[in-house]
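Comments concern the structure below.
Each value in this text was obtained by applying a stated rule to the coordinates, not by laboratory testing. A quick note: this is a predicted structure, and the numbers were derived from the prediction, not measured. Neighbour counts run over all protein chains shown; Cβ positions are idealised from the backbone, glycine included.
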Amino acid sequence: MTDLDHKLTNDILFKMVFLRLPERLKDIIAGALDIPSKSISGFRITNPEMPPEIYGEKFCRFDVKMDVDDRIVDLEVQVANEGDFPERALYYCSRLFSGSLVIGQNYIELPKVAFIGIMDFNL
């Protein structure tokens, strides 16, 4: 048997596989959120990129961003420890919150946000 050139921890391969197999992705998300997969009534993979709100701000590229029932879920795969994963996770979650209200909505209407990190290193 030969070694594969690419592993599922590769961001592009991860997206390609799970965007084509949304039911498997739904099972992974259910496991990470500790809820039964069958209890998820709404599951939609949304745009995995979030452009900056203002020119010059940092660009976010989510691995897989989903709506799961009443939550926004960001699933990130990180292979290399760049020393900033907790800060990156916090930044991504804040961007999910900041982009979820429109004029006239109250802060109480902010959605639940879940961040799931799959890392190939010890945090």
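Observations
- The label-point distance for Asp120 and Leu101, in a model that sets each label 7 Å from Cα toward Cβ, rounds to 3.9 nm.
- Residues with amide H under 5 Å from that of Ile72, placed H, sequence gap 5 or more: Lys112, Val113, Ala114
- In this rough spin-label picture, where each label sits 7 Å from Cα along the Cβ direction, the Val17-Thr46 distance is 2.6 nm.
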